[in-house]
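Undergrad: If you scroll down you'll find the structure; I have some questions about it.
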Amino acid sequence: MEIKSIGVIGAGAMGSGIAHVCALAGYDVALVDADRSRADHALKTIDGNMDRQVRRGLIAEDDKTAGLARISVVDGFADLAQCDCVIEAATENEAVKKEIFTQLTETLKPEAIICSNTSSIPITRLAAATDRPEKFMGMHFMNPVPVMRLVELIRGLATDAETFGTIRDLTLTLEKVPANAEDFPAFIVNRILLPMINEAVYALYEGVGTVESIDTAMKLGANHPMGPLELADFIGLDVCYSVMQVLYDGLADTKYRPCPLLAKYVEAGWLGRKSGKGFYDYTGDEPVPTR
């Protein structure tokens with residue numbers, strides 16, 4: 001199947017990034033969010049991010065102009081009816097995603113492919129909420145999407161070969177590197193990364209080190225570009241907690257139990273960079289550890 005037009009559901013960091021790279025690759029993009037103002041704001045974010053690419057010589061000014069012209073903000077799922085592929089990038093909540101798919105399939109043309117950018121939820125379960133499990137699969141981009149090259153491709157139990165091949169070709173057209181993952185909770189990257197972050201939170205919780213010492217130790221001792229707690233703030237502590245909960249529920253192994261301190265931060269609304277406070281306080285000129 002040839003893909004010419006792509007719908008993107010969700011205008012947060014991931015959705016806007018996906019719209020960005022799809023538009024630059026020559027696809028017509030329809031962007032929709034439950035909050036229309038968020039989708040409008042996403043266009044400004046995409047504009048700014050493309051400007052940064054122009055300044056760095058990564059794209060030409062004409063590429064930016066053409067790319068922005070390909071993105072349309074639409075009001076609802078009915079406006080995605082003729083899209084060849086729809087990529088869902090809503091909040092990491094299974095009930096929310098299933099409700100989106102139920103509504104989406106009421107208007108989407110029968111031959112269209114649906115992908116989910118879920119970072120952890122089993123694809124087979126999500127596909128069951130649609131009328132086309134054979135045309136459904138996971139397409140997990142990394143954040144920030146315009147910068148990170150990897151895309152995890154996850155088949156559900158019913159995903160057919162044509163769908164997988166079409167989405168793999170799309171991934172390559174976006175100049176991303178596909179990595180095939182089986183449909184196990186959290187797939188590859190988050191199956192490895194999030195338990196490391198969770199263990200760093202346990203180290204903080206148990207007093208093994210401070211926020212600063214844990215992050216410094218991993219940056220200098222393991223040559224990581226960001227410390228695990230700094231990275232958790234960047235990802236969003238609510239997302240980290242959600243992924244750990246999926247791992248814990250799906251694999252029934254106590255090693256995946258979310259740290260109580262992580263749960264406490266989420267309950268407090270300290271979600272990291274996006275809320276202004278997490279393991280660091282971002283309200284001043286420089287981030288300051290909160291513990």
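Undergrad: Can you work out ³J(HN,Hα) from phi for every residue in the stretch 137-145, in order, using Karplus 6.51 cos²θ - 1.76 cosθ + 1.60 and θ = phi - 60°, giving whole Hz and x for Gly and Pro?
TA: Karplus values, whole Hz, x for Gly and Pro: 7, x, 9, 8, 7, 9, 9, x, 4.
Undergrad: On to the next question. Considering amide H positions built from the backbone, and no H for Pro or chain starts, which residues 5 or more places from VAL8, or on another chain, come under 5 Å of its amide H?
TA: ALA30, LEU31, VAL32, ILE87
Undergrad: Can you give the net charge of the other residues whose Cβ lies under 13 Å from the Cβ of ALA81, counting K and R as +1 and D and E as -1?
TA: Summing Lys/Arg as +1 and Asp/Glu as -1 gives -4.
Undergrad: I want to check the label-to-label distance for ASP75 and THR91. Put each point 7 Å from Cα in the C-beta direction and report it in nm to one decimal.
TA: The answer from the label model is 2.4 nm.
Undergrad: Spelling out what I want: for every residue of the stretch 91-107, take phi, set θ = phi - 60°, compute 6.51 cos²θ - 1.76 cosθ + 1.60 (Karplus), and round to whole Hz; glycine and proline get x.
TA: 4, 7, 9, 4, 5, 5, 4, 5, 5, 4, 5, 4, 6, 4, 6, 5, 10
Undergrad: Quick one: putting +1 on the C-beta of Lys and Arg, -1 on the C-beta of Asp and Glu, what dipole do you get for the chain around its Cα centre, in Debye to the nearest 20?
TA: Charge dipole, the chain, about its Cα centre: 380 debye, nearest 20.
Undergrad: Let me ask something additional. Which residues in the stretch 193-207 place their backbone N less than 18 Å from a point set 7 Å from the Cα of ARG125 along the Cα-to-Cβ direction?
TA: 194-195
Undergrad: For LYS135, go through the lysines and keep the ones whose alpha-carbon is under 30 Å away, minus same-chain ones fewer than eight residues off.
TA: Correct list for LYS135: LYS4, LYS97, LYS98, LYS109, LYS176.
Undergrad: Amide H neighbours of LEU271 under 5 Å, at least 5 residues apart or on other chains, H built in the peptide plane: list them.
TA: LYS277
Undergrad: Now a separate question. Counting Lys and Arg as +1 and Asp and Glu as -1, what is the net charge of the other residues whose Cβ lies under 12 Å from the Cβ of MET226?
TA: The answer is -1.
Undergrad: So, counting K/R as plus one and D/E as minus one, what does the shell of residues with Cβ under 11 Å around ARG55 add up to?
TA: +1
Undergrad: Something else: Modelled label-to-label distance, SER275 and VAL288, 7 Å Cα→beta-carbon offset: nm?
TA: For the pair SER275/VAL288, the computed spacing is 1.9 nm.
Undergrad: How many angstrom lie between the C-alpha centres of the stretch 171-230 and the stretch 22-75?
TA: Going from one Cα centre to the other spans 29 Å.
Undergrad: Out of residues 5 or more away from VAL151 or on other chains, whose amide H comes under 5 Å of its own, with H placed 1.01 Å from N in the peptide plane?
TA: The list, which skips near neighbours in sequence, is VAL177, ALA179.
Undergrad: When the Karplus curve 6.51 cos²θ - 1.76 cosθ + 1.60 is applied with θ = phi - 60°, which whole-Hz ³J(HN,Hα) does each residue of the stretch 9-15 get, with x for Gly and Pro?
TA: Going residue by residue, I get 9, x, 10, x, 4, 6, x Hz, with x marking Gly and Pro.
Throughout, read-outs are computed from the coordinates displayed, never taken from laboratory work. Owing to the predicted nature of the structure, the values given are computational and were not obtained by experimental measurement. So basically every Cβ, Gly included, is an ideal-geometry build from the backbone, and we count neighbours across all protein chains shown.
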